[in-house]
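One structure is given below, encoded as structure tokens.
A short reminder: the numbers here are calculations on the coordinates, not readings from a lab. Everything quoted here is computed from the prediction, not taken from an experiment. All Cβ positions, glycine included, derive from the backbone under ideal geometry; neighbour counts span all protein chains shown.
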Ligand SMILES: NC(=O)c1ccc[n+]([C@@H]2O[C@H](COP(=O)([O-])OP(=O)(O)OC[C@H]3O[C@@H](n4cnc5c(N)ncnc54)[C@H](OP(=O)(O)O)[C@@H]3O)[C@@H](O)[C@H]2O)c1
């Protein structure tokens, strides 16, 4: 029987590419998105290439929709093999200038969404005594970056949540946890982040404005000098997601490019894939 995979946020980018790649590699894919009216291009590829992909509605900020998508999968297959927590959204703004609504939203999408999707599949994976939970976090889950502190905080939270969970669900229930940490990816991500955060084309005001401008100029300079080194495609990151899913002994954490590896090196050198830390935690507490 085919293994199945539920992927969140498949309307564009890494999620879209992962849905296609997993289906081409023999998985039954449940491609979820918050707004299924955005599924036309995926459906066109499904039809042309005869792929085993079913589109489901799932908004990671809506627990009812998460539970309903998982229920559909269980009713059809009576199991769930892999969850890919991919849905996420960027946000670049000074904390002082962010509204309560923005702060709650960035945390809901990037952190609570991951927690609730994970919670929704755990009982099935525990009963099966197998499962994989793969989350697309970010280099921003390891290294805080200017004006991205709210986004990075949410991604750090995912890293901490998954580290704690991985200490016991892997050995006890054979549920393998992996965090995938990309650097820049050329997807809709940046455009969505800009439309969410800019007010009249400006991201910052007052004393923050010149600092933000320096930050943006630095980003632009790096992109101009070495765009292909900094930015991966969604398809390249999807290849890493598939590789992790197929690995019998998947790493707890993995960067997706040399740029991402170099960027995080100060934090990751002692324990690049997180195994040493997990083993120490198990020895200390379990
Ligand atoms: N692009 C980068 O530079 C970068 C770098 C490091 C990590 N990442 C991470 O990689 C993952 C994929 O991002 P991407 O680059 O592929 O960006 P993307 O093209 O913008 O895709 C993000 C996906 O998440 C979905 N999404 C947003 N809010 C959602 C919600 N409430 N419920 C369900 N889905 C929701 C989006 O749906 P809509 O189309 O409806 O908005 C879209 O399908 C994210 O977790 C992101 O944080 C991205």
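How many of the residues making up the stretch 207-222 are in contact (Cβ under 8 Å) with a residue 24 or more places away in the chain and over 17 Å from residue 102 (Cβ atoms)? Walk me through how you get there before you give the answer.
Narrowing the stretch 207-222 to residues in contact (Cβ under 8 Å) with a residue 24 or more places away in the chain: 208, 211-212, 215.
If we keep only those that are over 17 Å from residue 102 (Cβ atoms) as well, we get 211, 215.
So the answer is 2.
Within the stretch 129-160, which residues are more than 14 Å from the ligand (Cβ to nearest atom), farther than 16 Å from residue 94 by Cβ and in a loop (DSSP other than H, G, I, E, B)?
129, 130
Looking at the structure I just gave you, is residue 261 under 18 Å from the mean Cα position of the chain (by Cα) and closer than 28 Å to residue 95 by Cα?
Numbers: under 18 Å from the mean Cα position of the chain (by Cα): yes; closer than 28 Å to residue 95 by Cα: yes.
Considered against the rule, which asks whether it is under 18 Å from the mean Cα position of the chain (by Cα) and closer than 28 Å to residue 95 by Cα, residue 261 comes out as yes.
Could you please find all residues in the stretch 58-79 being over 29 Å from residue 153 (Cα atoms) and in contact with a helix residue (DSSP H, G or I) (Cβ under 7 Å, 6 or more places away or on another chain)? Write out each step before concluding.
Narrowing the stretch 58-79 to residues over 29 Å from residue 153 (Cα atoms): 71-79.
Hits for the stretch 58-79 are 74, 79.
When you check residue 116 against the structure, is it part of a helix (DSSP H, G or I) and either within 14 Å of the ligand (Cβ to nearest atom) or buried (at least 22 other Cβ atoms within 10 Å of the Cβ) (or both), yes or no? Reasoning before the result, please.
Values: part of a helix (DSSP H, G or I): yes; either within 14 Å of the ligand (Cβ to nearest atom) or buried (at least 22 other Cβ atoms within 10 Å of the Cβ) (or both): yes.
Criteria met by residue 116.
Collect the residues in the stretch 173-192 that are assigned to a helix (DSSP H, G or I) and in contact with a helix residue (DSSP H, G or I) (Cβ under 8 Å, 6 or more places away or on another chain), keeping them in residue-number order. I'd like the intermediate steps shown before the answer.
Here is the first cut: in the stretch 173-192, the ones assigned to a helix (DSSP H, G or I) are 173, 189-192.
The answer is 173, 189.
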